[in-house]
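Below: the structure, in structure tokens.
The values are calculated or read from the model by the stated rules, or taken from the named source; none is laboratory data. Source: prediction; values computed, not measured. Positions of Cβ are generated from backbone atoms using ideal geometry, with glycine treated the same way; all protein chains shown enter the neighbour counts. Heads up: the accessible areas ignore ligands, DNA and RNA and are worked out on the full protein's heavy atoms, side chains in. Shrake-Rupley method; radii C 1.70, N 1.55, O 1.52, S 1.80 Å.
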Amino acid sequence: MSNNSYIFPLAQKRHSTNQIAPKVPLKQVVVIAFLTIFMLESCDSSRIYEQNQEIDGAEWAEQESKEFVFSIDNTEFLYNVYINVRNKNEYAYNNLFLFIEMTAPDEKFFADTIEFTLADKSGRWTGTGIGNTWQNQFALLKGIKILIPGEYKVTIRHGMRQDTLNSISDVGLRVEKVGIRVEKE
């Protein structure tokens, strides 16, 4: 047998049927997307409250405050409170100072100025990003015991040293129940 007698198997030519995928009506796509989002949202059983408020034109005026009101009915658990911040790539700073005020149902008042880091030392944004928008969730209070059931109010203003802060598009508040029961005193 000569060296030329060995023949490599040839790849079979695949025949294209030029089939077009069936079109799914837009209404079905919207319904499926809505149901998926609803199911994902409902899986978050620890969340008591979460709201994000858009900042018009991503230009946050110094005197513009965002107010969040939530209720705590069960004082047998510990709670976490988070601040949500969305910034654009064009945000000029690596940090953000916020003035945060919280009023309890008994009118007791808590106020603080807190610095949040939005970019690391090399300038890379922290959090998760889609397109030119980045989202961070910062712990404000962790494992706190709520003593008085009722309505709580949180007010947030930016504390940067300029009248209008550009490229912060949203700010929000999240309150979640920690799965730890607190012993009654």
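Regarding region 118-130, can at least one residue be identified that is out of contact with any Asp or Glu (no Cβ under 8 Å at 6 or more places or on another chain), more than 16 Å from residue 65 (Cα to Cα), of a type in the set (D, E, K, R) and open to solvent by 70 Å² or more (accessible area, probe 1.4 Å)?
Yes, because at least one residue in region 118-130 is out of contact with any Asp or Glu (no Cβ under 8 Å at 6 or more places or on another chain), more than 16 Å from residue 65 (Cα to Cα), of a type in the set (D, E, K, R) and open to solvent by 70 Å² or more (accessible area, probe 1.4 Å).
Just give me the residues in region 140-163 being among the basic types (Lys, Arg) and in a strand (DSSP E or B), in sequence order.
Of everything in region 140-163, those that are among the basic types (Lys, Arg) and in a strand (DSSP E or B) turn out to be 142, 145, 153, 157.
Cβ-Cβ below 7 Å, separation at least six or inter-chain, first residue in region 117-130 and more than 19 Å from residue 98 (Cβ to Cβ) and in contact (Cβ under 8 Å) with a residue 24 or more places away in the chain, second surrounded by 14 or more Cβ atoms within 10 Å (Cβ to Cβ) and small (Gly, Ala, Ser): which pairs?
none
Have a look at 67, 115, 151 and point out the one that is of a type in the set (D, E, K, R), open to solvent by 20 Å² or more (accessible area, probe 1.4 Å) and over 21 Å from residue 169 (Cβ atoms).
Of 67, 115, 151, the one residue that is of a type in the set (D, E, K, R), open to solvent by 20 Å² or more (accessible area, probe 1.4 Å) and over 21 Å from residue 169 (Cβ atoms) is 151.
Can you tell me which condition residue 142 does not meet? The list is (1) free of Cβ contacts under 8 Å to residues at least 40 places away in the same chain; (2) surrounded by fewer than 18 Cβ atoms within 10 Å (Cβ to Cβ); (3) farther than 22 Å from residue 61 by Cβ, and all the others hold.
Here residue 142 clears every test but (1).
Restricting attention to region 164-185, report how many residues are open to solvent by 50 Å² or more (accessible area, probe 1.4 Å) and assigned to a strand (DSSP E or B).
Looking only at region 164-185, we keep the residues that are open to solvent by 50 Å² or more (accessible area, probe 1.4 Å), and these are 164, 166, 177, 179-181, 183-185.
Among the residues that remain, those that are also assigned to a strand (DSSP E or B) are: 164, 166, 177, 179-181.
Number satisfying all stated conditions: 6.
Scan (1) at pLDDT 95 or above; (2) in a strand (DSSP E or B); (3) exposed (fewer than 11 other Cβ atoms within 10 Å of the Cβ) for the single condition residue 90 breaks and write down its number.
Tallying (1) at pLDDT 95 or above; (2) in a strand (DSSP E or B); (3) exposed (fewer than 11 other Cβ atoms within 10 Å of the Cβ), residue 90 fails exactly one: (2).
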